[in-house]
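What follows is a single structure, written as structure tokens, with notes after it.
The values are calculated or read from the model by the stated rules, or taken from the named source; none is laboratory data. A quick note: this is a predicted structure, and the numbers were derived from the prediction, not measured. Glycine also receives a Cβ, built like all others from the backbone with ideal geometry; neighbour counts cover every protein chain displayed. These area figures cover heavy atoms from the full protein model, side chains too; ligands, DNA and RNA do not enter into them. Shrake-Rupley method; radii C 1.70, N 1.55, O 1.52, S 1.80 Å.
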2 protein chains.
Amino acid sequence: MTITMYQASIPSLIRSLNNLVSILEKGAAHAEARKIDPAVLVSSRLYPDMFPLVQQVQIASDIARRGAARLAGLEAPNLEDNETSFPELIARVQKTTAYLETLTPEQIDGSEEKSITLTVGKEKMTFEGLPYLLYFILPNVYFHVTTTYDILRHCGVELGKGDYLGKA
Amino acid sequence: MTITMYQASIPSLIRSLNNLVSILEKGAAHAEARKIDPAVLVSSRLYPDMFPLVQQVQIASDIARRGAARLAGLEAPNLEDNETSFPELIARVQKTTAYLETLTPEQIDGSEEKSITLTVGKEKMTFEGLPYLLYFILPNVYFHVTTTYDILRHCGVELGKGDYLGKA
């Protein structure tokens, strides 16, 4: 018995992005309840040279979208980085899951050894499909979803691990 | 072509825990260079009711150790939660990777549908092996490694994404 590249990728990404939507909704509700300008939360960061919440969400979306597309040998749709509010960020994450849902097992499966080259900053990186999924896409998406959670927790939003892990 | 439960679990966990060791080493070096009491960093947290760094590391170790053991149908070795310093936390993570390295593909493979029951807080949870790995073990370990990183970044330790992702 074995598992497929599709099984190991798309459902995990969709689930984590759905959890990210719930986390962002709780951030928006918190701002509304406390009469906090939501822009304050959206632009919050944990340290001056770390990315603010808005970019954490944009990058989670980019890595999931582009990562899955590369496994499938496709070009991911581009999204402009112009979100400034919780509803806009939620819409971006939902566009991302909608795109992931269009990808089929037939497109993703068999990509274990596919050669994938990407440019991160100035660095050109080449991976095979399986290490690209396991050591780049998944930990990276989880990093940015967790950091979004951590920024909101640091701002006092009531979130728990269940919001991050989601329900089965 | 497909992948195995071992391929999807043990190497990712070992890699992330090795990256956690590097992150903790940078925390220790920062404290030493700035003459900061390392205990301040080890007990730092992002919000009063979040776990401090020491527990983030302990939990990352617990989930990886117990999660992998459950997939293999084994009982994970218990570790006392008594670490109070960077060297002790690093030793705990290294004990964890040493344990993971004892597990073989023969022990982990075929656990996709194995029924796994665990108690989280007061809640009893039952998973099949594959969702347990993909939706519980991996995101959870990445959560606690990322939060350790975020706590240290928030305290001014110079870390970058490369420290979290590690090198291929």
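Here are a few things to note about the model shown:
- Conditions (1) assigned to a loop (DSSP other than H, G, I, E, B); (2) away from chain B (no Cβ under 14 Å); (3) in contact (Cβ under 8 Å) with a residue 12 or more places away in the chain; number of the one not met by A:Glu158: (2)
- Residue match in segment B:79-101 (condition: within 13 Å of chain A (Cβ to nearest Cβ) and open to solvent by less than 30 Å² (accessible area, probe 1.4 Å)): no
- Screening A:Leu20 on (1) within 14 Å of chain B (Cβ to nearest Cβ); (2) over 13 Å from the mean Cα position of the chain (by Cα); (3) of a type in the set (A, V, I, L, M) shows it passes everything except condition (2).
- Filter result for B:Gln56 (of a type in the set (S, T, N, Q), open to solvent by 30 Å² or more (accessible area, probe 1.4 Å) and within 25 Å of B:Lys161 (Cβ to Cβ)): no
- Of the listed requirements (1) within 10 Å of chain B (Cβ to nearest Cβ); (2) open to solvent by less than 10 Å² (accessible area, probe 1.4 Å); (3) within 18 Å of the chain's Cα centre (by Cα), A:Ser111 misses just one: (3).
- Any hit, segment A:44-52, residues being at pLDDT 95 or above, open to solvent by 50 Å² or more (accessible area, probe 1.4 Å), over 22 Å from A:Tyr135 (Cβ atoms) and among the aromatic types (Phe, Trp, Tyr): yes
- Any hit, segment A:141-151, residues being under 18 Å from B:Met1 (Cβ atoms) and of a type in the set (Val, Ile, Thr): no
- Candidates B:Leu134, B:Leu130 - the one that is at the interface with chain A (Cβ under 9 Å from one of its Cβ atoms), more than 22 Å from A:Thr148 (Cβ to Cβ) and in contact with a Ser or Thr (Cβ under 9 Å, 6 or more places away or on another chain): B:Leu130
- Test set (1) crowded, with 20+ Cβ neighbours inside 10 Å; (2) more than 10 Å from chain A (Cβ to nearest Cβ); (3) in contact with a Ser or Thr (Cβ under 6 Å, 6 or more places away or on another chain) - B:Thr117 fails condition number: (1)
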